[in-house]
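**Student:** The structure's right below; bear with me while I get my questions together.
The values are calculated or read from the model by the stated rules, or taken from the named source; none is laboratory data. This one's a predicted model, so the numbers in the text were calculated from it and none came from an experiment. In this analysis, Cβ positions are derived from the backbone assuming ideal geometry, glycine residues included, and neighbour counts consider all displayed protein chains.
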Amino acid sequence: MPAHHEKAAPKAQPAPAEALYQTLSLCRKAGKLVTGFDAVEQAAVQGKAWLVLYAADASSKTVRRMQQNVGDLVDVLPMPLKQEQLVPVSRKPAAVYAVVDRSLAALCAAKLEACQTLKNKEEISE
């Protein structure tokens, strides 16, 4: 089959973690992603954050402090992505992120749920 026909094949769906990464990138490009502990905490306290996410390798102290400080205001959820993987989105290593747009937060939550669902299915099948 000639090479030019291969491009017509439907694009494979990205893996759930990649889809989440792409959605976070979209949030940043839209100016709706806040990064860094203090900025995320401030956005949540001001009622601007719809969702708070933290990197897979965030320290337990950072996670605990974020949950204590804003956990009653907004969902604080773990991501399967590490800080190093998120640098292209955040421009520098950051452990916590806030999405400050309702519909983008819902989209991130859906992508995150797909990651969790996949992880749970893998645990069940082992």
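**Student:** Regarding residue 115, is this residue at pLDDT below 95 and under 12 Å from the mean Cα position of the chain (by Cα)? Talk me through it step by step, then tell me what you get.
**Tutor:** On the way: at pLDDT below 95: yes; under 12 Å from the mean Cα position of the chain (by Cα): yes.
Criteria met by residue 115.
**Student:** Something else now. Out of the residues in the stretch 53-69 meeting the condition of being in contact with a strand residue (DSSP E or B) (Cβ under 6 Å, 6 or more places away or on another chain) and among the hydrophobic types (A, V, I, L, M, F, W, C), tell me which one is surrounded by the most Cβ atoms within 10 Å (Cβ to Cβ). So that I can check it myself, show each step before the final result.
**Tutor:** Filtering the stretch 53-69 down to residues in contact with a strand residue (DSSP E or B) (Cβ under 6 Å, 6 or more places away or on another chain) leaves 53-54, 63, 66-67.
Now restrict to residues that are among the hydrophobic types (A, V, I, L, M, F, W, C): 53, 63, 66.
Details: 53: 26, 63: 17, 66: 23.
Result: 53.
**Student:** Do we have any residue at all in the stretch 3-16 that's at pLDDT 95 or above, in contact with a Leu (Cβ under 7 Å, 6 or more places away or on another chain) and surrounded by 15 or more Cβ atoms within 10 Å (Cβ to Cβ)?
**Tutor:** There is no residue in the stretch 3-16 that is at pLDDT 95 or above, in contact with a Leu (Cβ under 7 Å, 6 or more places away or on another chain) and surrounded by 15 or more Cβ atoms within 10 Å (Cβ to Cβ).
**Student:** Hey, another quick one. Could you list, in sequence order, the residues of the stretch 95-105 that are in contact (Cβ under 8 Å) with a residue 24 or more places away in the chain and either of a type in the set (A, V, I, L, M, F, W, C) or part of a helix (DSSP H, G or I) (or both)?
**Tutor:** Matches in the stretch 95-105: 95, 96, 98, 99, 100, 102, 104, 105.
**Student:** Checking residue 61 against (1) in a helix (DSSP H, G or I); (2) at pLDDT below 95: exactly one of these is not met. Which one?
**Tutor:** Evaluating residue 61 over (1) in a helix (DSSP H, G or I); (2) at pLDDT below 95 leaves (2) as the failure.
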